[in-house]
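Below is one structure, written out as structure tokens, with a few remarks after it.
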């Protein structure tokens with residue numbers, strides 16, 4: 001049983017993590033956090049208190065953070081102080097903010113991933129195999145998200161470029177085709193092509209629950225792990241990993 005806290009509990013992702021955590025017999029959801037002026041602060045959601053006092057992370061063992069960069073960094077400081085593990089799914093951290101996450105991982109165990117989805121992290125693994133095999137092909141990266149998404153390209157698309165570049169593709173961020181349409185949860189595609197053939201890898205997210213599912217899986221996995229910086233790939237492809245499908 002892992003004693004869990006959620007930072008950003010009232011947001012779209014926070015609410016889905018909340019619901020999945022409440023359904024999980026291996027999780028004891030202790031407390032949720034929101035910024036001080038949030039109307040839910042001081043109230044309860046299905047028996048779980050919402051607080052703005054990040055110091056109360058001391059009551060938990062692991063905190064999942066899907067807030068905003070400022071909130072994530074504030075929680076990171078408290079998690080370090082109280083030696084609590086973190087699962088960070090907050091997107092659009094800049095280089096300095098990401099460096100602070102890395103520095104914190106010298107004190108506490110941290111899972112940090114641009115995408116918590118099981119399928120997307122399998123995508124990353126398959127891409128490494130494809131990129132190591134298809135040298136000399138042209139490479140295109142395409143992604144589509146909902147119109148409310150603030151960052152473009154997405155953190156996931158940037159990660160795809162980073163992986164491809166490990167194998168000499170030299171894909172620049174401004175070459176990624178990024179679209180914002182309707183309420184699309186998240187579509188990503190990588191295309192390798194030459195004069196003889198083309199090879200495509202694609203992932204389509206049907207629901208935000210895929211990210212929530214991954215975050216809860218990560219929280220259960222990180223409990224008791226040594227200090228360090230971990231990715232979702234470390235979790236999903238370890239010999240004892242266990243991923244449960246979310247309930248409707």
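The values are calculated or read from the model by the stated rules, or taken from the named source; none is laboratory data. Just so it is clear, the model here is predicted, and its values are computed rather than measured. Backbone-built Cβ (ideal geometry, glycine too); neighbour counts: all protein chains shown.
Out of curiosity, is residue 75 part of a helix (DSSP H, G or I), in the same structural domain as residue 33 (by TED's automatic domain parsing) and either closer than 17 Å to residue 29 by Cβ or modelled with pLDDT of 95 or more (or both)?
yes
Touching a residue at least 60 places away in the same chain (Cβ under 8 Å), part of a helix (DSSP H, G or I), assigned by TED's automatic domain parsing to the domain that holds residue 14 and more than 27 Å from residue 207 (Cβ to Cβ): is that true of residue 102 in this structure?
Answer is yes for this residue.
Determine whether residue 139 is more than 20 Å from residue 117 (Cβ to Cβ) and touching a strand residue (DSSP E or B) at 6+ places or on another chain (Cβ under 7 Å).
yes
Please determine whether any residue of the range 86-94 is outside the structural domain of residue 143 (by TED's automatic domain parsing), surrounded by fewer than 18 Cβ atoms within 10 Å (Cβ to Cβ) and modelled with pLDDT of 95 or more.
No - not one qualifying residue is present in the range 86-94.
Against the condition part of a helix (DSSP H, G or I), touching a strand residue (DSSP E or B) at 6+ places or on another chain (Cβ under 9 Å) and more than 20 Å from residue 89 (Cβ to Cβ), how does residue 164 come out, does it pass?
Yes.
Out of everything in the range 169-182 that is in contact (Cβ under 8 Å) with a residue 24 or more places away in the chain and outside any strand (DSSP E or B), what residue ends up being surrounded by the fewest Cβ atoms within 10 Å (Cβ to Cβ)?
For the range 169-182, the residue satisfying everything is 182.
So which of 30, 17 is crowded, with 18+ Cβ neighbours inside 10 Å, modelled with pLDDT of 95 or more and under 25 Å from residue 185 (Cβ atoms)?
Within the list 30, 17, the selection yields 17.
Considering only the range 226-239, state which residues are crowded, with 16+ Cβ neighbours inside 10 Å and either out of contact with any helix residue (DSSP H, G or I) (no Cβ under 8 Å at 6 or more places or on another chain) or part of a loop (DSSP other than H, G, I, E, B) (or both).
231, 234
Would you mention how many residues in the range 55-83 are crowded, with 21+ Cβ neighbours inside 10 Å, closer than 21 Å to residue 100 by Cα and in contact (Cβ under 8 Å) with a residue 40 or more places away in the chain?
9
Evaluate the range 141-148: report whether one residue or more is loosely packed, with under 15 Cβ neighbours inside 10 Å, within 26 Å of residue 75 (Cβ to Cβ) and not assigned by TED's automatic domain parsing to the domain that holds residue 27.
Scanning the range 141-148 turns up at least one residue that is loosely packed, with under 15 Cβ neighbours inside 10 Å, within 26 Å of residue 75 (Cβ to Cβ) and not assigned by TED's automatic domain parsing to the domain that holds residue 27.
Could you say whether any residue in the range 124-136 is touching a residue at least 12 places away in the same chain (Cβ under 8 Å), within 15 Å of the chain's Cα centre (by Cα), on the phi < 0 side of the Ramachandran plot and buried (at least 20 other Cβ atoms within 10 Å of the Cβ)?
yes
Go through the residues of the range 183-192 one by one and say whether even a single one is more than 21 Å from residue 91 (Cα to Cα), surrounded by 12 or more Cβ atoms within 10 Å (Cβ to Cβ) and assigned by TED's automatic domain parsing to the domain that holds residue 129.
Yes, the conditions are met somewhere in the range 183-192.
Residues of the range 110-134 being outside any helix (DSSP H, G or I) and at pLDDT 95 or above, which ones?
Listed by number, the residues that qualify are 110, 111, 134.
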